[in-house]
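> Have a look at this one.
The values are calculated or read from the model by the stated rules, or taken from the named source; none is laboratory data. As the structure is a prediction and not an experimental result, all values here were calculated from the model. Cβ coordinates were reconstructed from backbone atoms using ideal geometry, including for glycine residues, and neighbour counts include every protein chain displayed.
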Ligand SMILES: Nc1ncnc2c1ncn2[C@@H]1O[C@H](COP(=O)(O)OP(=O)(O)OP(=O)(O)O)[C@@H](O)[C@H]1O
């Protein structure tokens, strides 16, 4: 096992009933790496995410975060160990201000570690931390607005801010640019690049422009198996990948 690996999947398997959806996945993601998982619809990408975050127990194999086996841990425990996943926009409280949304997620992330009175004395720290996150996600000017009035791309940015709020160093994003225009996509890609600086990123994304622009390495998942892992140019050139998936996806882009 490499000491630098942030996340390690070892012979990971998941069946639903008799159907095996994840069929023996081995993958090592280095600390500081930006890794994209791509593959056709139904390949098992979301299932793989749910295994990593502890939402589903694996049928076989292991997930390690910074070397530690996650078997039997609940999602919130894994979260406290530094792994955070973006949820969909429904995770945002639309009537609460943008600032309060970030502040609440900070409170949630730290809440169990501070008593109430400690928390009061820490509230200035919290405000500062929330403002620092708003700055990072370019929403300082929207601070007092109800989150529900933000544009779609801004809501996704807020969502990313909430994901970062607990100080996680391994960030998982599920289709961060889904449903966005070209300019919104560019905006979010820049933002993701910025906020994941010195962190580990694992994302599922269908937009090949985003994947090739952002990822240091790519894994291609087909029917629950990784058929290729490598740098973008290696994956693009891999005949197995072209046959299974990428050829068709790239053609569809033109
Ligand atoms: N809880 C579940 N129970 C039974 N089958 C499931 C469950 N979750 C997913 N599946 C099945 O697992 C397969 C893989 O689904 P999954 O959502 O992981 O694929 P995906 O690669 O994320 O697809 P997409 O790109 O369309 O989001 C599908 O055939 C799906 O029906």
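> Quick one: is residue 90 out of contact with any helix residue (DSSP H, G or I) (no Cβ under 6 Å at 6 or more places or on another chain), at pLDDT below 95, crowded, with 20+ Cβ neighbours inside 10 Å and over 22 Å from residue 208 (Cα atoms)?
no
> Given the conditions (1) in a strand (DSSP E or B); (2) in contact with a helix residue (DSSP H, G or I) (Cβ under 7 Å, 6 or more places away or on another chain), which single one is not true for residue 102?
Residue 102 satisfies every listed condition except (1).
> Let me ask something additional. Quick one: which of 81, 96 is closer than 17 Å to residue 168 by Cα and at pLDDT 75 or above?
Exactly one residue qualifies, and that residue is 81.
> So residue 84 fits all but one of (1) closer than 30 Å to residue 236 by Cβ; (2) touching a helix residue (DSSP H, G or I) at 6+ places or on another chain (Cβ under 7 Å); (3) within 16 Å of the ligand (Cβ to nearest atom); what number is the exception?
(3)
> When the range 6-21 is examined, which residues are found to be over 24 Å from residue 210 (Cα atoms), in contact (Cβ under 8 Å) with a residue 60 or more places away in the chain and either near the ligand (Cβ under 8 Å from one of its atoms) or under 19 Å from the mean Cα position of the chain (by Cα) (or both)?
Passing the criteria: only 21.
> When residues of the range 200-222 are filtered for being assigned to a loop (DSSP other than H, G, I, E, B), surrounded by fewer than 19 Cβ atoms within 10 Å (Cβ to Cβ) and in contact with a strand residue (DSSP E or B) (Cβ under 7 Å, 6 or more places away or on another chain), how many remain?
1
> Here is a further query. With the structure loaded, tell me whether residue 241 is out of contact with any strand residue (DSSP E or B) (no Cβ under 6 Å at 6 or more places or on another chain), assigned to a helix (DSSP H, G or I) and within 16 Å of the ligand (Cβ to nearest atom) or whether it fails that test.
Numbers: out of contact with any strand residue (DSSP E or B) (no Cβ under 6 Å at 6 or more places or on another chain): no; assigned to a helix (DSSP H, G or I): yes; within 16 Å of the ligand (Cβ to nearest atom): yes.
Spelling it out, it is not the case that residue 241 is out of contact with any strand residue (DSSP E or B) (no Cβ under 6 Å at 6 or more places or on another chain), assigned to a helix (DSSP H, G or I) and within 16 Å of the ligand (Cβ to nearest atom).
> Right, here's the next one. Between a residue in the range 214-227 that is more than 20 Å from residue 10 (Cβ to Cβ) and any residue that is assigned to a loop (DSSP other than H, G, I, E, B), which pairs come within a Cβ distance under 6 Å, given they are 6 or more apart or on different chains?
Going by the 6 Å Cβ cut-off, the qualifying pairs are 216/33.
> Looking at the range 22-39, can you tell me whether even one residue there is assigned to a strand (DSSP E or B), surrounded by fewer than 17 Cβ atoms within 10 Å (Cβ to Cβ), at positive phi and within 16 Å of the ligand (Cβ to nearest atom)?
Checking the range 22-39: at least one residue is assigned to a strand (DSSP E or B), surrounded by fewer than 17 Cβ atoms within 10 Å (Cβ to Cβ), at positive phi and within 16 Å of the ligand (Cβ to nearest atom).
> Of the conditions (1) free of Cβ contacts under 8 Å to residues at least 40 places away in the same chain; (2) surrounded by fewer than 22 Cβ atoms within 10 Å (Cβ to Cβ), residue 157 satisfies every one except a single condition; which number is it?
Answer for residue 157: the failing condition is (2).
> Step by step: first the residues of the range 40-79, then only those that are over 27 Å from residue 198 (Cβ atoms) and away from the ligand (no atom under 15 Å from the Cβ), then the one that is surrounded by the fewest Cβ atoms within 10 Å (Cβ to Cβ). Which residue is that?
Here the residue is 72.
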